[in-house]
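Student: This structure is in C-alpha cells; I'll ask about it shortly.
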C-alpha cells in the first residue's frame, strides 16, 4: 500500500510538473539560518546579471557532476571571494537552478576541484532585490576584479 501511494505521488508530480521531478533535498532552516550557513560555507558570494545560458553537451562532460548548463554572468558586486567582472558558472543534476538571460541574481557559489564555479537550488540563487534579507547579513559589497582578455 505504501509503495502504491509513493508511486502515485511520483507519477502525479511527473505529469503535473511538466515532466520534471526534482530529487533535491536541501538542509532545512529559516532564511536567516540558511544565509548564515551559506555565508560561512560558500567559496564566493556575488551578484550578477545573466549574459548567456548555455546547455552543456552530454558527450563533452568531464566532471563527476551531471552539469546541465553553464551560465555567463556579468558580476556587479562581491561579498566573499575574489571574482572577476565576467564569470561562468555551472548548474545541474537534481538540484539544478534556473536562470533567465538579462535577470540579475544573488549567487552563493562553490568551487569544483578543476576550479569551476557552481551553484544549485540549495545554495539559494535568487533574483536580486535591494529588499533581500541576505543583504543585511552579508555586509558591505565590494567591486569585482577587472576582467581578463580571453
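The values are calculated or read from the model by the stated rules, or taken from the named source; none is laboratory data. Computed from a prediction, not measured in an experiment: that's the story for all the values here. Don't worry about glycine lacking a Cβ; one is built from the backbone with ideal geometry, like all the others, and counts go over all protein chains shown.
Student: Is there a residue in the range 82-98 that is farther than 19 Å from residue 53 by Cα, without any contact (Cβ under 8 Å) to a residue 40 or more places away in the chain and surrounded by fewer than 16 Cβ atoms within 10 Å (Cβ to Cβ)?
Tutor: No, the range 82-98 contains no residue that is farther than 19 Å from residue 53 by Cα, without any contact (Cβ under 8 Å) to a residue 40 or more places away in the chain and surrounded by fewer than 16 Cβ atoms within 10 Å (Cβ to Cβ).
Student: Can you pull out every residue in the range 121-150 that is touching a helix residue (DSSP H, G or I) at 6+ places or on another chain (Cβ under 7 Å) and under 17 Å from residue 54 (Cβ atoms)? Explain how you work it out, then say what you get.
Tutor: First, the residues of the range 121-150 that are touching a helix residue (DSSP H, G or I) at 6+ places or on another chain (Cβ under 7 Å): 121-124, 133-134, 137-138.
Scanning the range 121-150 gives no hits.
Student: Now for a different question. Starting from residues that are surrounded by 10 or more Cβ atoms within 10 Å (Cβ to Cβ) and assigned to a loop (DSSP other than H, G, I, E, B), keep the ones in the range 132-150 and report whichever is modelled with the lowest pLDDT.
Tutor: 147
The rows are residues; the columns are (1) surrounded by fewer than 10 Cβ atoms within 10 Å (Cβ to Cβ); (2) touching a strand residue (DSSP E or B) at 6+ places or on another chain (Cβ under 8 Å); (3) modelled with pLDDT of 95 or more.
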| residue | (1), (2), (3) |
| --- | --- |
| 29 | no, no, no |
| 33 | no, no, yes |
| 40 | yes, no, yes |
| 51 | no, yes, yes |
| 61 | no, yes, no |
| 64 | yes, no, no |
| 67 | no, yes, no |
| 70 | no, yes, no |
| 73 | no, yes, yes |
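Student: Next question, about the same structure. Against the definition (within 28 Å of residue 146 (Cβ to Cβ), more than 12 Å from the chain's Cα centre (by Cα) and modelled with pLDDT under 95), how does residue 85 come out, yes or no? Lay out the reasoning, then the answer.
Tutor: Details: within 28 Å of residue 146 (Cβ to Cβ): yes; more than 12 Å from the chain's Cα centre (by Cα): yes; modelled with pLDDT under 95: no.
So residue 85 does not fit the description; no.
Student: Assess whether residue 120 counts as being over 13 Å from residue 31 (Cβ atoms) and buried (at least 20 other Cβ atoms within 10 Å of the Cβ). Quick ask: steps written out before the conclusion?
Tutor: Numbers: over 13 Å from residue 31 (Cβ atoms): yes; buried (at least 20 other Cβ atoms within 10 Å of the Cβ): yes.
The answer is yes for residue 120.
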